[in-house]
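Chemist: Have a look at the structure that comes next, please.
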Amino acid sequence: MQKFRRFFTVLVGAVLLASSSAAVFAQSPQPAGTPSGSGLSIAPTVSEFTIQPGGSENITITLKNITVDNVVAKGIVNDFTSDNSTGNPKIITDTSIKSPNSIRDFVQNLDDVPLNKGQQKNIILEIHVPKTATPGAYYGIVRYRAVPTGVNAPGPGQVALTASVGTIVLVTVPGNIREQVQVAGLHIYRGAHDSTIFFGPPNKLGIEVRNYGNGFEKPFGTVEIHDQFNKLITTYQFNNPKQPGNVLPNSTRLFTHDISGISRIGRYTVIASVSYGNGSQVLTLKKDFWYIPQWIGLLMLLVLIGLIVLAYRAYRRYKRDKRHSFKN
């Protein structure tokens, strides 16, 4: 027992010593010349334009250095694709891959921007659409990466730990725009669980929209939930009217929205009415789901188990009686 106490005392002392050493190391200032993390803020985060072939528009970007170092904001234009779920872009960092919807050839005057600590600048970029551009949707993200300067600049062979910020640029070249939208699915969730039978109230709806056209689509409409007596439980406007989200060409996006009011046992019906473009077409999708409170579900399970047990006992009694009658 005494040996165990000594071992425990030594172990605790070693842990405390290691913890204090780590704390001192973490709080030690970096020597001059050590690359430090740098960051920027950017506005706006999304810009949309309609530009004729051969035409141009300007975009004003506000960059601010939000770190303690002087930096140079280095700009680049990246293509991106849809993640086919949330609508968040999947940036293509490999510049050897060029999307057919790329704006990399559209962006002019993309220069490095020096920014002192806390400094903010407005940068004007020109978006020029070539005369040969075919009608449709073009998109990309203009990204800036902050690189420290002065004593904190990275030395030879060193890499600065920097984050990048970007603004998404969406360009529609008017003309023969083909609109073809499909409501690909309607989902009911409790947390991350997608189902049609719930033992706890579902709290989210998801509408999956597929864009088969060559332009951007901003679907809109209404969603209603009715109970089994056709009473309206809740309704909401599909795709935030104040800041509607786009569905990129040849991609899918899942639009989710929180719901409430599902409190009584029974069957519920979701009715989604989705429009797009000028609203001349309405796509309607219905889906039923069941809400069974957990205590009722447990009671039903116990009743089912009881019925199975009774059926099994009745079967055994029947077999026993049959054997007795056969012997007699």
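A quick yes/no check of all residues on (1) within 30 Å of Pro89 (Cβ to Cβ); (2) modelled with pLDDT of 95 or more; (3) surrounded by fewer than 20 Cβ atoms within 10 Å (Cβ to Cβ):
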site	(1), (2), (3)
Tyr189	yes, yes, yes
Leu205	yes, yes, no
Gly221	yes, no, yes
Ile225	no, yes, no
Phe238	yes, no, no
Lys242	yes, no, yes
Asn250	yes, no, yes
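Residue-by-condition table, conditions (1) outside the structural domain of Lys218 (by TED's automatic domain parsing); (2) over 25 Å from the mean Cα position of the chain (by Cα); (3) of a type outside the set (D, E, K, R); (4) part of a loop (DSSP other than H, G, I, E, B):
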site: Arg264; (1), (2), (3), (4): no, yes, no, yes
site: Arg267; (1), (2), (3), (4): no, yes, no, no
site: Ala272; (1), (2), (3), (4): no, no, yes, no
site: Asp288; (1), (2), (3), (4): no, yes, no, no
site: Leu302; (1), (2), (3), (4): yes, yes, yes, no
site: Ile305; (1), (2), (3), (4): yes, yes, yes, no
site: Ile308; (1), (2), (3), (4): yes, yes, yes, no
site: Arg313; (1), (2), (3), (4): yes, yes, no, no
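Chemist: Can you tell me which residue is nearest to Lys286 (Cα to Cα) among those in segment 173-187 that are touching a Gly at 6+ places or on another chain (Cβ under 7 Å) and surrounded by fewer than 19 Cβ atoms within 10 Å (Cβ to Cβ)?
Modeler: His187
Chemist: When only residues in segment 272-299 that are β-branched (Val, Ile, Thr) and out of contact with any Ser or Thr (no Cβ under 7 Å at 6 or more places or on another chain) count, which is surrounded by the most Cβ atoms within 10 Å (Cβ to Cβ)?
Modeler: Val274
Chemist: Next question. Might you let me know whether segment 275-284 holds any residue that is assigned by TED's automatic domain parsing to the domain that holds Glu217, of a type outside the set (S, T, N, Q), part of a strand (DSSP E or B) and under 29 Å from Val171 (Cα atoms)?
Modeler: So far as segment 275-284 goes, yes, one or more of its residues are assigned by TED's automatic domain parsing to the domain that holds Glu217, of a type outside the set (S, T, N, Q), part of a strand (DSSP E or B) and under 29 Å from Val171 (Cα atoms).
Chemist: Continuing with the same structure: Which of the residues belonging to segment 197-240 are among the hydroxyl-bearing types (Ser, Thr, Tyr) and more than 29 Å from Val173 (Cβ to Cβ)?
Modeler: Result: Thr222, Thr234, Thr235, Tyr236.
Chemist: If I filter segment 85-103 down to residues being under 21 Å from Leu254 (Cβ atoms) and at pLDDT below 90, which single residue comes out as surrounded by the fewest Cβ atoms within 10 Å (Cβ to Cβ)?
Modeler: So, considering only residues that are under 21 Å from Leu254 (Cβ atoms) and at pLDDT below 90, the one surrounded by the fewest Cβ atoms within 10 Å (Cβ to Cβ) is Asn88.
Chemist: Still on this model: Using the structure shown, decide if Gly166 is modelled with pLDDT under 95, out of contact with any helix residue (DSSP H, G or I) (no Cβ under 6 Å at 6 or more places or on another chain) and more than 19 Å from Ala73 (Cα to Cα).
Modeler: When the stated conditions are applied, Gly166 does not pass them.
Chemist: Just need a number here: residues in segment 218-246 that are at negative phi and more than 18 Å from the chain's Cα centre (by Cα).
Modeler: 18
Chemist: Right, something else. Please specify each residue of segment 119-132 satisfying the condition of being surrounded by fewer than 19 Cβ atoms within 10 Å (Cβ to Cβ) and not in a strand (DSSP E or B).
Modeler: Gln119, Pro130, Lys131, Thr132
The values are calculated or read from the model by the stated rules, or taken from the named source; none is laboratory data. The shown structure was predicted, so the numbers you read here are calculated from the model rather than taken from an experiment. Note that each Cβ is placed from the backbone with ideal geometry, even for glycine, and that neighbours are counted across all protein chains shown.
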